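Chemist: Sharing a structure below in structure tokens format, with a few things to ask.
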Amino acid sequence: MPSCDIELGTIALTNMLDAFYGAFSPACFALLGLWLVVVQIRIGDWRDNEGNKRMSYVISLNFLLPGLMGVLALIDPQNAAFWRSSFAVLGIGGAVGGYLVRRVPTGDRLGAAGYWTAIALYVIVAVLAIVGGVYVLRTEAVLLTALIFVNFNIGWLLLFAPDPKPQTADT
């Protein structure tokens, strides 16, 4: 009888994660769309600042990749190899993509902490995907939610970071 309970628990977890990722992915893509509007509004301020351009790219990436992970988790939830490889590849991609734009000014220590936390979360998601297991999916869902929270804060700090070139009264 215990195997039946384990199987029912796995089915319940899969159903819960289907519902979670069914809501999570559209939220990530909506946040990505809103961020792209912010970039469009601030493009005049950020066009000549390589650090701001790179950081706005990282923020876009941090909304896009978790959304993609959620969509891929919904394609075949019963196929562990599929979601594990998807999460591992996208997690490694997020960590590498974030790392490649390192040394980007984020305004202060809080921004830098958020930046490195996002990279660490991607690494943890990738490692957990490689390790595998049914209950790892729940942990990854929590980590991806934390990643979106951290990314929102990085975006907020960048949005309100002081302009490196102060404007004069005649500009």
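Every number in this text was worked out from the coordinates using simple rules, so none of it is lab data. These numbers were taken from a predicted model, which means no experiment stands behind them. Note that we place each Cβ from the backbone using ideal geometry, even for glycine, and neighbour counts take in every protein chain shown.
Chemist: Residue farthest toward the positive end of the dipole of the stretch 2-159, with Cβ of Lys/Arg at +1 and Asp/Glu at -1: which of A88, N15, G155?
Modeler: Result: G155.
Chemist: Can I get the semi-axes of the stretch 2-159's equivalent ellipsoid? Compute them from the C-alpha gyration tensor as square roots of 5 times the eigenvalues, in angstrom, largest first.
Modeler: Values: eigenvalues 209, 46, 28 Å².
Listed largest to smallest, the semi-axes of the stretch 2-159 are 32, 15, 12 Å.
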